[in-house]
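Just so it is clear, none of the values below were taken in a lab; they were calculated from the coordinates. As the structure is a prediction and not an experimental result, all values here were calculated from the model. Note: ideal-geometry Cβ built from the backbone for every residue, glycine included; neighbour counts use all protein chains shown.
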Amino acid sequence: MPYLHITYNQKLDAQACQELRESFAKLITILPGKSRENAMIRIEPDCIMEMGDAGQPCAGVEVRLYKQSPQPAKAEFTQKACELMEKACGVPKNRTYVMFMEFPEWGLNGQLK
């Protein structure tokens, strides 16, 4: 039940967005118990977002999880997510923030877990 929200301050065409979605769908499996089948991924390119110098590429990767994941898995995910954003979008690793939000409760299929 992970939800990923990827924001990027540059333009991406539909093909690039699809490739990024597929890459993050694979990457989420680093986190124990998380699968690409249950991952909901929102990609928001060309958003108004700045980090320091205006106009420079930057990105945010927000990861919302049901329950906590182990720190080593989150560290590996962070490293790979920054590498992915650099390779796919040209965002230097030091200009991508990865944020984890872990919830003790999660609603799905009309039920609270």
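Under 17 Å Cα to Cα from Lys80, which lysines show up? Leave out anything in the same chain fewer than 8 places away.
Lys26, Lys34, Lys93
What's the center-to-center distance, using Cα atoms, between segment 3-39 and segment 75-93 in Å?
Using only Cα atoms, the two centres lie 12 Å from each other.
Take the chain, mark every one of the GluC sites (Glu not before Pro) that falls in a DSSP loop and has at most 11 other Cβ within 10 Å, then report the longest stretch left between them, sites excluded.
Between the exposed loop sites, the longest stretch runs 51-104.
Consider the candidate values (i) 155; (ii) 106; (iii) 144; state which one is volume of the Cα convex hull per residue in Å³ computed from the structure displayed.
(ii)
Which value, in debye to the nearest 20, gives the size of the charge dipole of segment 3-108 about its Cα centre, when Lys and Arg are +1 and Asp and Glu are -1 at the Cβ?
300 debye
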